[in-house]
Amino acid sequence: MAGAAGRPATLTTSPASHPTAPADALFLPGPVLLLGAPGVGKGTQAQALVSEFGIPQISTGDLLRGNIARGTELGLKAKEIIASGMLVSDPIVNQMVEQRLQADDTHHGYILDGYPRTLDQAMFLDRTLSESDAALPVVAISIVVAYDQLLHRITGRRICPACKSIYNIYFNPPKQDGLCDLEGSQLEQRPDDTEPVFAERMKTFEEQTAPVVEHYRALGRFREVDGDQPVEAVTAAIKSALLDLRQQGRNA
Ligand code: AP5
Ligand code: MG
């Protein structure tokens with residue numbers, strides 16, 4: 001099945017901030033947080049939602065990797081931290097997100113992919129949004145997948161450096177070994193997609209991000225989604241959760 005941007009399937013993703021379709025006239029999900037461990041499918045699902053609703057994906061991981069690729073001062077600071085599986089400092093990431101949220105394309109909502117990742121980031125975001133004139137409150141979706149499956153997904157992931165499409169050598173291989181279906185470019189592996197760094201990223205997730213999931217669960221505008229199903233089924237579960245959460249908000 002081709003995505004709205006003409007990509008080969010829903011197992012693709014776009015650059016960090018990339019609206020690809022006009023906003024749905026009937027339903028706009030507003031600000032959405034996609035939470036979950038490394039490899040649960042945040043990027044894959046964010047891209048599916050971008051295609052569906054025309055609101056931008058804001059991935060802090062992609063924004064940081066963009067800085068690394070451009071050799072900026074921020075990129076130089078982030079490179080080693082990302083390679084170690086630790087988190088880039090809260091002030092740096094908060095400032096990056098605050099700036100990105102000021103762009104015009106966020107007025108109808110956005111999908112935050114991989115942020116917030118610490119309780120400090122969550123507090124910063126909650127404060128920033130409470131001071132904004134956003135029409136809808138933020139809702140959070142946590143995607144859950146078992147550890148062994150995640151390791152397989154992470155080590156099997158390959159990315160097109162040109163169009164950022166995501167492949168997986170086990171679950172969604174390109175038509176031609178090692179080459180992007182769309183660009184013909186040589187697919188790349190993220191430097192942090194090795195088994196030892198994955199183990200560190202999971203540790204970081206359990207210690208610093210699991211409390212963020214609990215923070216949003218306690219606030220109530222929250223759903224957990226089983227990410228261990230075909231991509232399209234996960235997308236359908238997320239869309240259904242979003243409709244439900246917004247309906248709940250209207251009835252409150
Ligand atoms: P980031 O880039 O956000 O990495 P992550 O959270 O570890 O998540 P991933 O991008 O690895 O996984 P994903 O959930 O997006 O999965 P995907 O859809 O690609 O962050 C990287 C680093 O940047 C961090 O470690 C940190 O250092 C820094 N950073 C980022 N944000 C930060 C923040 N807020 N604060 C501080 N530091 C920050 O899918 C994975 C694979 O699975 C793909 O191959 C895909 O094809 C496959 N797949 C997806 N869905 C399915 C499915 N349903 N079935 C089968 N295969 C599937
Ligand atoms: Mg990602």
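Read-outs throughout are calculated quantities, based only on the coordinates presented, and are distinct from any laboratory measurement. Note that the structure is a prediction, hence the values are computed from the model and not measured. We place every Cβ from the backbone using ideal geometry, glycine too, and count neighbours over all the protein chains shown.
When only C-alpha pairs under 8 Å and at least 6 residues apart count, what is the relative contact order of the stretch 117-249, in percent? Write out the running numbers ahead of the final one.
Numbers: 125 pairs, mean separation 43.9, N = 133.
Normalised by residue count, the contact order of the stretch 117-249 is 33 percent.
How charged is the neighbourhood of G249? Take every other residue with its Cβ under 14 Å from the Cβ of G249, and add Lys/Arg as +1 and Asp/Glu as -1. Working shown, then result.
Numbers: positive: R221, R223, R246, R250; negative: D244.
Charge balance in the 14 Å sphere: +3.
Using all C-alpha to C-alpha distances in the stretch 113-215, build P(r) with 5 Å bins and read off the rounded percent in each one.
2, 11, 16, 17, 14, 13, 12, 9, 4, 0
Tell me, how many Å apart are the Cα centres for the stretch 189-247 and for the stretch 89-117?
Centre-to-centre distance over Cα atoms comes out at 17 Å.
Give me the extension gain from A210 to S132: residue separation times 0.36 nm, minus the current Cα-Cα distance, reported in nm with one decimal. Write down the numbers at each step before the final one.
Values: separation 78, 0.36 × 78 = 28.08 nm, distance 2.64 nm.
That works out to 25.4 nm of additional length.
Got the relative contact order for the stretch 57-173 handy, in percent, Cα pairs under 8 Å and 6 or more residues apart?
On the way: 72 pairs, mean separation 23.4, N = 117.
Relative CO of the stretch 57-173 lands at 20 percent.
Given Cα pairs under 8 Å that are at least 6 residues apart, what percent is the relative contact order of the stretch 61-126?
Here the relative contact order equals 22 percent.
Taking the chain as a Gaussian network, where each spring joins two C-alpha atoms under 10 Å apart, which residue of D62, D90, D177 fluctuates the most?
Its mean-square fluctuation being the largest, the pick is D177.
Let me check I have the definition right: for the chain, take the eigenvalues of the Cα gyration tensor, multiply each by 5, take square roots. What are those semi-axes in whole Å, largest first? Each step should come with its number before you reach the end.
Numbers: eigenvalues 133, 93, 66 Å².
Equivalent ellipsoid of the chain: 26, 22, 18 Å, largest first.
Lys and Arg at +1, Asp and Glu at -1: add these up for the other residues within a Cβ distance under 14 Å of F222 and post the number.
After counting each charged neighbour, the total is 0.
Counting only other residues whose beta carbon sits under 14 Å from that of L76, what net charge do I get with K and R as +1, D and E as -1? Write out the running numbers ahead of the final one.
On the way: positive: R65, R70, K77, K79; negative: E73, E80.
Within the 14 Å Cβ shell, the charges total +2.
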